[in-house]
1. Among 18, 3, what is the fewest-to-most ranking by other Cβ atoms within 10 Å?
2. For residue 1 and residue 108 in one chain, what is 0.36 nm times their gap in residues minus the Cα-Cα distance, to one decimal in nm?
3. What number, rounded to the nearest 500 deg cm²/dmol, is the helix-based mean residue ellipticity at 222 nm of the chain, given -39500 (n - 2.57) per DSSP H run of at least four residues and division by all its residues?
4. With the contact rule set at Cα under 8 Å and sequence spacing of 6 or more, what percent relative contact order holds for the chain?
5. Rank-order 138-145, 43-50, 84-91 by packing density, defined as the average count of other C-beta atoms within 10 Å over each peptide's residues, highest first.
6. Is the range 81-126 best put as rounded, prolate or oblate by its Cα gyration tensor, with a ≥ b ≥ c the root eigenvalues, rounded for a/c under 1.5, and otherwise prolate when a/b is larger than b/c, oblate when not?
7. Alpha carbon centre of the range 94-150 versus the range 1-54: separation in Å?
8. As an exercise, use a Förster radius of 35 Å and the Cβ-Cβ distance of residue 127 and residue 37 to find the FRET efficiency, rounded to the nearest 0.05.
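Here, each number is a calculation from the coordinates, and none is a lab measurement. All values reported here derive from a predicted model rather than from experimental measurement. Positions of Cβ are backbone-derived with ideal geometry, glycine not excepted, and every protein chain shown enters the neighbour counts.
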């Protein structure tokens, strides 16, 4: 099977704990299991750069050896215009929602309120949406190579599904490696 993985698999504690105690250990174990399996695991170059902030240099080299690190061919991939139309509409709704949150908070601002405002505003604008080029690279590369998407990011999962891609349920991620000798993964 082919998979494209997102950084969130290695940095979200709810997911990486199945493979290790921290992002570096989890990444190392994940790619040891990939090496022992017959799965092809892709990482867009942008995801690899992001992941390198969380792992040691020797683990980074292991990722290069065990995964297929490459960017999607952004100039040759085509996506339906209706998806862009839907994305723009959703962003307009989110921006309006964020603006209403800011207007309400501005009436009675304290330092604690500013912190709460930032969190509410961020949640209104970013939760469940593709909010980075790295997110888009995961989806585009999966589309290009015909791979499943593995991500803990709700926006990536939602938009990958809209593109007709299979999205691996994170709760079943360890099932990919259950039959790999010596995997002994935690449940």
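1. Ordered by Cβ neighbours within 10 Å, fewest first: 18, 3.
2. Length gained between residue 1 and residue 108: 33.1 nm.
3. Values: 9 runs with 103 residues, N = 187.
When only DSSP H runs of four or more count, the value is -17000 deg cm²/dmol.
4. So the answer I get is 28 percent.
5. On the way: 138-145: 23.1, 43-50: 20.5, 84-91: 12.1.
In descending order of packing, they fall as 138-145, 43-50, 84-91.
6. Since a/c reaches 1.5 and a/b is larger than b/c, the shape of the range 81-126 is classed as prolate.
7. Comparing the Cα centres of the range 94-150 and the range 1-54, I get a distance of 24 Å.
8. Result of the calculation: an efficiency of 0.60.
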